[in-house]
Each structure stands twice: as structure tokens, then as C-alpha cells.
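Chemist: Sharing a structure, written as C-alpha cells. Questions coming.
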Amino acid sequence: MVNRLIHSMRANNKFSRNLQFELFLVPVLLFYSSFVLIPMILSFIYSFTEISFQNVSYSFLGFENYKALMEDELVKASMGYTAIYTIGTTVLVTLAAIPLALVLDSKFPGRNTYRATFYFPSCVSAFVLGFVFQYLLSSDDNGFLNSILINVFHLEGIPFLGDIFWARLCSILVCVWFATGWNATIYLAYLQSIPEEYYEAAQIDGASMLQRIKYITLPMLTPAAKISIMTLLTGGLRVFDLPFALTRGGPANSMSSITQVLIVRGITEGKIGYACSLGIVFLLLILVITLIQTSAMSKLEEKVN
Amino acid sequence: MGKRAGMIKTIILFPLALIVIYPFLFIVATSLKEQTEISANPYGLIFTPTLENYVAVFERFSVARSLLNNFEITIFSVAGIVIFAAMAAYPIVFNPNRFNKMISGLIIMGYLIPTQALLIPVYQIMIKTKLINQVPGVIFLYLAGSSLAVFLYVGYMKTLPKDLFESATIDGCGVWGCFWKIIFPLMTPMIATVVIFNVFFVWNDFINPYLFLSSPENATLVLQVLKTRDQFAVEWGLGLSITTVIMLPLLVFYIFTQKYLIKGMTEGAVKG
């Protein structure tokens with residue numbers, strides 16, 4: 001009898017302890033489920049229906065919305081631009097960040113000032129930077145680069161933001177301008193964790209500087225590359241602020257991001273079901289690419305070590 | 001030899017650093033120029049400064065109100081993320097059971113989900129709950145994005161010695177008290193990282209205020225920049241003076257936290 005009482009008290013105690021612990025999850029779960037989990041489920045359901053802000057009936061459409069996505073010129077344009085931007089920025093930022101990190105890792109006068117300088121642009125909103133570059137790259141003769149081309153080099157002005165090719169290139173280069181320092185800092189963090197003895201041993205063995213970079217530095221940088229490339233890929237696929245600030249998605253929709261099309265179709269035009277199908281494709285695209293990239297880089301990591 | 005090689009690096013990096021820094025000098029300089037000076041000498045850095053643009057934007061665009069909104073949104077969102085995410089990490093680390101493991105996976109999954117992909121139902125929820133156009137509505141959205149913070153806290157909490165918690169329990173510390181008296185104060189280094197990242201993110205965010213705070217009295221500074229462009233595209237001084245107002249608090253914050261920022265990034269990166 002007494003034993004049973006103690007037993008039930010203990011169980012009760014354990015239950016109340018568990019409950020007390022679970023209460024700590026409440027705030028995060030409340031916001032997370034209201035604005036992430038439930039919207040995710042709703043997106044999925046809506047994507048198979050014809051629901052819109054005007055029409056609240058949920059007529060079931062099957063995969064019609066998904067099929068219509070493939071015919072939508074604006075969706076195609078945004079996918080094309082997003083692919084170009086993502087590949088362009090990932091390749092160029094990585095190619096610029098690794099040498100910058102190698103230089104910033106060595107000793108030279110003013111090193112800390114340089115580190116802080118190169119990092120700073122990533123602290124400022126991409127939208128604001130796009131807004132500023134819109135002036136600097138302005139297509140008329142008043143633009144900063146154009147006034148240099150015309151007045152200093154006596155060349156003709158270039159429609160930096162007025163021409164599809166130039167505008168897309170400029171959006172990529174502005175990203176390289178502000179993201180290189182941040183990514184270099186990730187590489188730098190890993191460079192600083194390479195033990196000095198590795199280099200000393202290599203030097204004793206008579207390895208040249210290029211050999212040291214090839215056999216010690218680069219393999220040690222693979223984990224940094226895994227993170228840096230992941231943030232570049234996801235950042236590129238999610239891009240919205242920068243092209244929106246530079247040209248509002250123009251010229252001729254050549255810089256519309258997936259997010260911008262989602263807003264136009266879903267909020268401006270009110271086609272909820274249709275926009276949700278785009279949202280689901282967007283979400284899957286990012287998940288699949290992230291998974292492929294991280295598992296590929298993890299394999300590479302195992303190989304070089 | 002070493003010294004000369006060092007000097008060469010300093011010299012080679014200088015033009016690169018100039019390219020990085022010039023747009024910021026351009027922003028501040030233009031904001032201090034008169035309209036006539038901007039047309040005559042748009043890119044020069046030597047001129048007679050004036051506060052004309054600042055007076056104009058504070059009068060015409062209620063920038064003071066927006067600045068206040070920015071502070072309000074940033075402070076409440078960041079404080080909420082710092083506290084709630086640490087709370088969520090506590091049962092995941094110190095009371096690991098099947099349910100909590102599942103929850104932890106679910107929350108951390110949020111880091112991979114692009115929130116923009118869910119914009120449409122979020123927009124609908126904001127309208128239905130009447131949170132649209134309300135400052136708290138946007139704060140709630142930022143609080144929903146605490147996945148990375150939970151992940152960082154879980155990683156850090158796991159490094160704490162387990163017997164620390166057990167001895168406190170024996171001394172009569174309850175589940176509630178133990179967190180606030182012992183665990184949370186020990187989180188300070190991670191709190192610094194979480195604060196720094198989220199301050200920059202929330203202060204600079206464009207898409208959430210753009211979609212969910214359209215009325216002028218609730219606008220944030222970034223929205224005011226957009227407004228000057230749409231209304232007064234030729235008057236660069238207006239937009240760029242608001243830009244300076246956006247960057248100035250960030251610059252001060254950056255100078256004070258730069259050391260922790262890079263350290264935090266390393267920790268976050270190494271654990272990620």
C-alpha cells in the first residue's frame with residue numbers, strides 16, 4: 001500500500017517535472033507553428049485548389065496549378081534569373097573570398113583595419129545597398145561608372161541597369177562586392193585553426209609554397225567551403241532585395257526573383273492557390289539543392305582528409 | 001624581406017578596400033550636399049556640408065517615427081528570440097525524451113525552410129488575425145524565425161557539465177529556478193552571438209515591413225528609403241540621408257561588437 005503510494009507519488013513527480021520542462025517550449029512552438037508550420041501545411045493544401053482572395057471556394061484542381069507554372073513566362077524568367085544569379089555569385093564570391101582570406105591570414109601592417117573594412121558591407125541591408133548602387137550605376141551620363149567612362153576614358157556610356165545582360169551582370173557584381181568579405185571571414189576562421197606545426201613540418205620536408213597551399217591549406221578549407229557555399233547557394237536562391245532595389249525586377253522582367261513573382265501572383269493578383277504551388281516548388285528546390293550540396297561537400301571532406 | 005612583403009600586401013589591398021568603402025563615403029557625402037552641389041559635383045568628397053536634407057526628411061517623411069519603430073521592432077524581436085530560444089533549448093538538452101527530440105528536429109528544420117516560400121498563407125493569417133499593419137505582427141514573424149538561435153543554444157548547452165544541473169536540483173532548485181538562476185546566465189557567450197546576428201538581420205530586413213507594415217506611421221526606415229525613390233527619384237540627397245540614418249546606429253553597434261561578431265561567426269560556423 002505504502003509502496004504503491006510512493007510509487008505513484010514518484011510517477012506524479014516525474015510527470016510534473018516533465019510538464020514543467022515542456023512549458024519552456026511553449027513560446028517558440030507558438031510562434032513557429034503559427035507562422036511556419038501551419039503556413040507550410042496551408043501552402044501544400046492550397047497549391048491543389050483554386051482559392052483566391054476574391055474566390056473563397058476551395059475547388060480541387062489536382063496538379064493543374066503545377067502544370068500552369070511551367071507555362072508561366074514570368075515564372076520561367078524568374079527561375080532563369082535566379083539560376084544565373086545563384087551560380088554567378090557562388091562561383092565569383094568563392095573565387096574572390098579564398099585568396100582574400102589567405103592574404104588576410106598573413107601578417108602585414110593594417111591587417112585588422114582591412115579585415116573590418118572588408119567585412120562591413122555585409123552588415124548593411126542588401127536593399128539599401130541596391131538603392132545606392134542604383135545611383136552609382138545609373139544608365140544616364142550622370143551615373144558614377146558612366147561619368148568615369150565618358151570623362152576619364154572618353155568612351156561611350158554603358159546602360160548598366162537598362163540592358164538585360166548588363167543589369168544581370170551588375171546585380172551579380174554588387175553581390176560579390178558586399179558578400180566577399182563575409183565569406184572570406186568564414187575561410188579565415190578555419191585558416192586560423194590550422195596548426196602552425198603542419199606548415200613547419202612541410203617546410204622541413206622541402207615543400208614549396210604552392211605545394212603547401214595545395215596539400216595543407218586547401219584540404220583544411222573544405223569544411224569552410226561547405227558552409228560558405230551553402231550560405232551562397234541558399235542566399236542566391238532566396239534573392240529578392242537586391243534586384244528589386246536595383247531595377248524593381250526589370251528591364252523586361254529579366255531580374256524578377258522567385259519571391260517577387262510569388263508576391264505579384266499571390267498578393268497583387270490574389271491567386272492564392274497558384275502562388276502557393278510556386279511556393280512549394282521553391283521550397284522543395286531549396287531543400288533538394290541544400291541537401292545535395294551538403295552531402296557532396298561532406299563526401300569531399302572525407303576524401304581529402 | 002618579410003616586412004617588405006607585408007608592405008606590398010598593404011599597398012595591393014588599398015584600392016580594393018577603397019572600392020569597398022567608397023559607396024559608404026558617397027552615401028554620407030551626398031546626404032550632406034545641397035541639391036545644386038549634388039548635380040554639379042555628384043561624386044566628389046570635398047564640399048561645404050549642410051544638414052538641409054536631414055531637416056527635409058525628418059519633416060516630410062516622419063523619419064523620427066520610423067527610427068523609433070526600427071528600435072522598437074529590433075529590441076522586442078531580439079529580446080524575444082534571445083529568451084524564448086534559450087528556453088526552448090533547455091528541455092531539449094536537459095530532459096531529452098522522444099517527444100523533445102522530435103520537437104528539436106522540427107524546430108531546427110525551420111532553418112532550411114525559406115520563409116518567403118510561405119508568404120502567401122502568412123499574409124492570409126496576418127489579415128485574418130488583424131495583425132497586418134501592426135508592429136507586433138512583424139515582431140511575431142521574427143520570433144517565428146528563431147530556429148538558428150535554438151540550434152546554437154542547444155549546441156552550447158550540451159557542453160555544460162551535467163552534474164552542475166544535478167547538484168543544483170539536489171540543493172532544491174526546481175526546473176523553473178534552475179533555468180533562470182543557473183543555465184541562462186551561463187549562456188552569455190551564445191547570447192552575445194544571437195543578439196548580434198539578429199540585430200543586423202531585423203534592423204535591415206526589407207521584405208517583412210514591405211509586405212506587413214504598409215501604413216506610414218508604422219513604416220520602418222528602409223520603407224522610407226523606398227518611398228523617397230518612388231516620389232523624388234532625382235533628389236538623391238533625401239534617400240541617402242535616410243540611408244545614413246539607417247547605417248549610423250549599425251556602425252556604432254558594429255564598432256562595439258566587431259570582436260564578438262567574428263568570434264561568434266566562427267563558433268556558429270564551426271558548429272554548423
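Chemist: If you add up the charges near B:V245, with Lys and Arg at +1 and Asp and Glu at -1, over every other residue whose beta carbon is less than 15 angstrom from its beta carbon, what do you get?
Modeler: Local charge sum for B:V245: +1.
Chemist: Ignoring ligands, DNA and RNA, how do B:I27, B:I170 rank by accessible area with a 1.4 Å probe, largest first?
Modeler: I get B:I170, B:I27, largest accessible area first.
Chemist: Can I ask one more? So what's the net charge close to A:L69: Lys and Arg +1, Asp and Glu -1, counting the other residues with Cβ under 15 Å from its Cβ?
Modeler: Result for the local shell: -2.
Chemist: Which helices, taking whole DSSP H runs in chain A, have alpha carbons extending 24 angstrom or more along the helix axis plus mean Kyte-Doolittle at least -0.5?
Modeler: A:73-105, A:164-191, A:272-304
Chemist: Can you tell me the orientation of helix B:221-231 relative to chain B, as the angle in degrees between its alpha-carbon axis and the longest Cα principal axis, to the nearest 10?
Modeler: Helix B:221-231 sits at roughly 30 degrees to that axis.
Chemist: Another question about this same structure. Just the number, please: carbon plus sulfur as a percent of the accessible area of chain A, 1.4 Å probe, no ligands or DNA/RNA counted.
Modeler: 67 percent
Chemist: Determine the relative contact order of the stretch A:64-304: mean sequence separation of Cα pairs under 8 Å and six or more apart, normalised by residue count, in whole percent.
Modeler: Contact order relative to length: 30 percent.
Chemist: Along each of the three principal axes of the Cα atoms of the stretch A:86-197, give the extent in whole Å, ordering the values from largest to smallest.
Modeler: Computed over the Cα atoms, the extents are 55, 31, 23 Å.
Chemist: Follow-up. Using Cα pairs under 8 angstrom and six or more residues apart, how large is the relative contact order of the stretch B:163-272, in percent?
Modeler: 26 percent
Chemist: Counting each pair of different Cα atoms once, what's the Kirkwood radius of the stretch B:1-50 in Å, rounded to one decimal?
Modeler: Roughly 12.8 Å, rounded to one decimal.
Chemist: About the Cα centre of the stretch B:128-272, what is the dipole size in debye to 20, counting +1 per Lys and Arg Cβ and -1 per Asp and Glu Cβ, all else neutral?
Modeler: The calculated dipole for the stretch B:128-272 is roughly 140 debye.
Chemist: Could you compute the longest span of chain A free of GluC sites (Glu not before Pro) located in DSSP loops and having at most 12 other Cβ atoms within 10 Å, not counting the site residues?
Modeler: Longest site-free region, per DSSP loop and neighbour criteria: A:157-305.
Chemist: What is the interface area between chains B and A, defined as buried accessible area summed over both chains with a 1.4 Å probe, reported in Å² to the nearest 100?
Modeler: Chain pair B/A: roughly 8100 Å² of buried accessible area.
Chemist: Give the calculated FRET efficiency between B:I46 and A:S298 to the nearest 0.05, with a Förster radius of 56 Å applied to their Cβ-Cβ distance.
Modeler: So, using R0 = 56 Å, E works out to roughly 0.55.
Chemist: May I ask you to compute the full-extension gain from B:M109 to B:I83, defined as 0.36 nm times their residue separation minus their alpha-carbon distance, rounded to one decimal in nm?
Modeler: Fully extending the segment from B:M109 to B:I83 adds 7.4 nm.
Chemist: Can I ask one more? Considering all alpha-carbon pairs of the stretch A:1-156, what whole percent are spaced by more than 29 angstrom?
Modeler: 64 percent
Chemist: Put +1 on the Cβ of every Lys and Arg and -1 on every Asp and Glu Cβ in chain A; which of A:W182, A:I267, A:S34 then has its Cα farthest towards the positive end of the dipole?
Modeler: Final value for the positive-end residue is A:S34.
Chemist: Express in nm, to one decimal, how much length is gained between A:S193 and A:D205 on full extension, taking 0.36 nm for each residue of separation and deducting their alpha carbon distance.
Modeler: 2.2 nm
Chemist: Largest first and in whole Å, give the semi-axes of chain B's equivalent ellipsoid, each being the square root of 5 times a Cα gyration tensor eigenvalue.
Modeler: 41, 27, 16
Chemist: Put +1 on the Cβ of every Lys and Arg and -1 on every Asp and Glu Cβ in the stretch B:26-176; which of B:M126, B:F140, B:T159 then has its Cα farthest towards the positive end of the dipole?
Modeler: B:M126
Chemist: Percent of Cα-Cα pairs more than 47 Å apart in the protein assembly as shown, please.
Modeler: So the portion of pairs separated by more than 47 Å is 18 percent.
Chemist: Suppose the Debye formula is applied to equal point scatterers at every Cα of the stretch A:154-305; what is log10 I(q)/I(0) at q = 0.10, 0.14 Å⁻¹?
Modeler: The Debye formula, applied to the Cα set alone, gives -0.56, -0.87.
Chemist: Could you pull out every residue, at least 5 positions away or on a different chain, whose amide H is within less than 5 Å of the one on A:T49? Hs are placed 1.01 Å off N in the peptide plane, and Pro or chain starts have none.
Modeler: Amide H neighbours of A:T49, under 5 Å, 5+ apart: A:L61.
Chemist: Could you work out how much longer the chain between A:Y58 and A:K107 gets when fully extended? Use 0.36 nm per residue separation minus the Cα distance between them, nm to one decimal.
Modeler: Going from the current span to full extension adds 11.1 nm.
Chemist: Just to confirm a number: summing +1 for Lys and Arg and -1 for Asp and Glu over residues other than B:A219 whose beta-carbon lies under 10 angstrom from that of B:A219, what do you get?
Modeler: +1
Chemist: With a 1.4 Å probe and every protein chain left in place, tell me how much accessible area B:F232 has, in Å² to the nearest 10.
Modeler: It works out to around 60 Å².
Chemist: While we're looking at this one, here's another question. Below 8 Å between Cα atoms, with a sequence gap of 6+, how large is the relative contact order for chain B in percent?
Modeler: Dividing the mean separation by the residue count of chain B yields 31 percent.
Chemist: Can you classify chain A as rounded, prolate or oblate using the Cα gyration tensor, where a ≥ b ≥ c are the square roots of its eigenvalues, rounded means a/c under 1.5, and otherwise it's prolate if a/b beats b/c and oblate if not?
Modeler: Here chain A falls in the oblate category.
The values are calculated or read from the model by the stated rules, or taken from the named source; none is laboratory data. Quick caveat: nothing in here was measured; it's all calculated off a predicted structure. Cβ: placed from backbone, ideal geometry, glycine included. Neighbour counts: every protein chain shown. Ligands, DNA and RNA are stripped out before the accessible areas are found, and what is left, the full protein with its side chains, is counted by its heavy atoms. Shrake-Rupley method; radii C 1.70, N 1.55, O 1.52, S 1.80 Å.
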